[in-house]
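Quick notes on the structure that follows.
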Amino acid sequence: MTSQKLTIVLLLVLMTSLFSVGLFSGPADLSMADQWLALRNGEGVAGTILWQLRLPRLCMAVLSGAALAMSGMLMQTYFRNPLAGPSVLGVTSGATLGVALVSLGGLAIGVPWGLSGSVSGALLGSWAVMLILGAVVGLFRSRTALLIFGLMVGYLTGAMVTVLQAGAEAGALQAFVVWGMGSFAQATWTGVMTLGMAFAIGAVWCFRWCHVLDMWTLGKLTALSMGVNERRLTWGLLGWTGALAGLVTAWCGPIAFLGLATPHLVRIMVPKSRHIDWVLPVVLTGSVLALMSDLIVRFVGIPLNAVLSIMGAPVVLWLLLRRSPGNSSSVKA
Amino acid sequence: MALEIKGLQLIRPAGEGGELNATIEAGSAVVVVGRNGTGKSTLLQTLAGLLPPKKGQVLWDGQDVRLMGPEMRASCMAVVASTPPRESRMTVSDVIELGLRAGGHMHDLQAVRMAMETAGIDHWSQLPLSALSDGMAQRVMMARAAAQGKGMLLLDEPTAFLDVVGRREVLSQMGDWRSEGRILWLATHDLEGVEAAGWSTHWLHLHPGRKQGGTFHKGPFVAEKARQALVLDPNPKERA
């Protein structure tokens, strides 16, 4: 068995065990036998806890982790920037502003496919940032410029959110602040199904475009001369990563670091490879990290974004300090 | 197999530029020289159909390169950039496989091995690009181009960042391609190196300020002649 296959099997085992721990443990005093029965017939208090609280929450964690990790990987490849990710480049901020406009500002937007207003707001917000990114990416002369762009988008949307917060009524404001701390606990089956479908289509896109992403890593001129259609790559990639990041943000809040840090952890586990070899480990690692953080949230009682920042910030610092030709700031984006 | 350049004006440098006209037959190797900012890279990318011309046409076997589909074009011609990618974690054999795939050729294990043997890089096949020196990585990128574009290869200062040994290896590799019947374009400042390699059949001196955008010279490249022509060109700043 190759080391890559071994990694995938280990990640699957880890994911299954974390999922089981999350499913069968909690504050409610339930015996294992009751829980097992309730899982099969869905009846009684235990059935409700398992089917309406724990299962959607765990599925949401698995899907969000996978979706954010895949978005991070795609953005790091596309922008040739090891620090790219939905939260760093302002995509999550855009989605947050969208949610704030709907839930605090009372903005009424069309609600397609039976989604709630805040979901549409988040989607439109993240797509808006992606649209701007796609339009201006050719103008950035360095990788730092791209990161500063993300930072400024964050400040701008943050300011607008503050203005909205100042005028919001207390109930809506409190709900918004709690949402902003990030949590998988608000998950519903509708959310799981929607994100699940979006992730499935995004993953198919990603697998089909793997060799194009490989070509893209060889440099833009080389990729173009290899027949890569830059426009289709740009809009497909930004469209899907924006959709995934927006949907995750709508249900779980603006989640930090998962998209940025996961691909780097996988680079250590799967050192040399093509995209086709590491999409799966990246996605699985994202799910494992999300499940792990959710367990910490449940048993230690601190908000999700605090857990992720404590785990993620050291990874980013380590990336900055590590000296290698790949991440010196003198290399052009 | 031939490349026709008809009344070509480049989009850069802006506001200037005479026309270029030429017909280049299979098995020719054109060395492109010119001062900084005279449009060497722009010319190569225009010939490869990656940039639109300001005026005129580039025809590959009678077909406008801008109207060829990207896959079709990739199978006929390939560009090598001056800096090899240093961040890709793909192995050498992955890169060669991608090249064969981009050109629409067979890309199974045996085809990849043959392409690597032809380029003399088979002993590095399992190394990641990031572990190679610049010279080694550039030879891999050239092998990638050779695996992909069967008709024409365009190299934009491929030796600019290489040491003496790397330059000689890269230049002698190009001679092999020419004898296989491909058309080669090489933009370079390494006048002596190209003369010593001795495989060139034409050379083009780009001088966009004049009536003609450049002067084609038939026959092998001679460094001294090129130098004499280049020193008479105005400085890039004065030209602007």
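Using just its DSSP H runs of length 4 or more, each adding -39500 (n - 2.57), the protein assembly as shown gives a mean residue ellipticity at 222 nm of -18500 deg cm²/dmol after division by all residues. Compactness of region A:216-285 is given as radius of gyration and Dmax, 14.6, 41 Å, from Cα positions. Modelled this way, with points 7 Å down the Cα-to-C-beta line, the labels at A:Gln165 and B:Met72 are 5.8 nm from one another. Computing FRET efficiency as 1/(1 + (r/R0)^6) for A:Ile276 and B:Val222, where r is the C-beta to C-beta distance and R0 is 35 Å, gives about 0.10. At an R0 of 22 angstrom, the distance between the Cβ atoms of A:Glu230 and B:Lys6 translates into a FRET efficiency of 0.25. For region A:57-327, averaging the sequence separation of C-alpha pairs within contact (under 8 Å, six or more residues apart) and dividing by the residue count gives a relative contact order of 36 percent. Amide H contacts of B:Val79: B:Leu154, each under 5 Å away and 5 or more positions distant or on a separate chain (H built 1.01 Å from N in the peptide plane; Pro and chain starts excluded). Could you state the number of Å between the C-alpha centres of region A:275-322 and region A:5-74? Using only Cα atoms, the two centres lie 17 Å from each other. For B:Lys54, the residues 5 or more places off, or on other chains, whose built amide H falls under 5 Å of its own are B:Gln9, B:Leu10, B:Ile11.
Label separation (A:Trp189 vs A:Leu156): 4.2 nm, computed from points 7 Å beyond Cα along the C-beta direction. Antiparallel as a % of all DSSP beta bridges within chain B, to the nearest 5? Around 50 percent antiparallel, to the nearest 5. Model label points for B:Ser172 and A:Ala306, set 7 angstrom from Cα along the Cα-to-Cβ axis, are 6.7 nm apart. Across region B:141-149, rounded Karplus estimates of 3J(HN,Hα) from the backbone phi angles (6.51 cos²θ - 1.76 cosθ + 1.60, θ = phi - 60°) give 5, 5, 5, 4, 4, 5, 5, 8, x Hz, Gly and Pro being marked x. Taking each of B:Lys6/B:Lys225; B:Lys54/B:Lys150; B:Lys150/B:Lys211 in turn, the alpha-carbon distance tops 32 angstrom for B:Lys150/B:Lys211. For chain A, the longest principal axis of the Cα atoms and the long axis of helix A:55-79 meet at an angle of about 10 degrees. Between A:Pro303, A:Pro86, A:Pro314, the residue with the greatest mean-square fluctuation in the GNM of chain A (Cα pairs under 10 Å linked by springs) is A:Pro314. Its Cα gyration tensor gives chain B an equivalent ellipsoid; the semi-axes, largest first and in whole Å, are 30, 20, 16. Sequence-ordered 3J(HN,Hα) estimates for region B:214-229 from the Karplus curve with 6.51, -1.76 and 1.60 and θ = phi - 60° stand at x, 10, 8, 10, 8, x, x, 5, 10, 4, 5, 4, 5, 5, 4, 5 Hz, glycine and proline given as x.
For B:Thr46, the shell of other residues with beta-carbons less than 14 Å away shows a net charge of +3, using +1 for Lys and Arg and -1 for Asp and Glu. By DSSP, the beta bridges lying fully in the protein assembly as shown are antiparallel in about 50 percent of cases. Counting trypsin sites (Lys or Arg not before Pro) as exposed when in a DSSP loop with at most 15 other beta carbons within 10 Å, what is the longest stretch of chain A free of them? Between exposed loop sites, the widest span is A:142-321. Rounded to the nearest Hz, the phi-derived 3J(HN,Hα) couplings of region A:294-307 under the Karplus curve 6.51 cos²θ - 1.76 cosθ + 1.60 (θ = phi - 60°) are 5, 5, 4, 4, 6, 9, 9, x, 10, x, 4, 5, 5, 4, where x marks glycine and proline. One way to sum up the overall shape of chain A is the equivalent ellipsoid from its Cα gyration tensor, whose semi-axes run 32, 26, 18 Å, largest first.
Bear in mind that the values in this text are calculations on the coordinates, not laboratory data. This one's a predicted model, so the numbers in the text were calculated from it and none came from an experiment. Don't worry about glycine lacking a Cβ; one is built from the backbone with ideal geometry, like all the others, and counts go over all protein chains shown.
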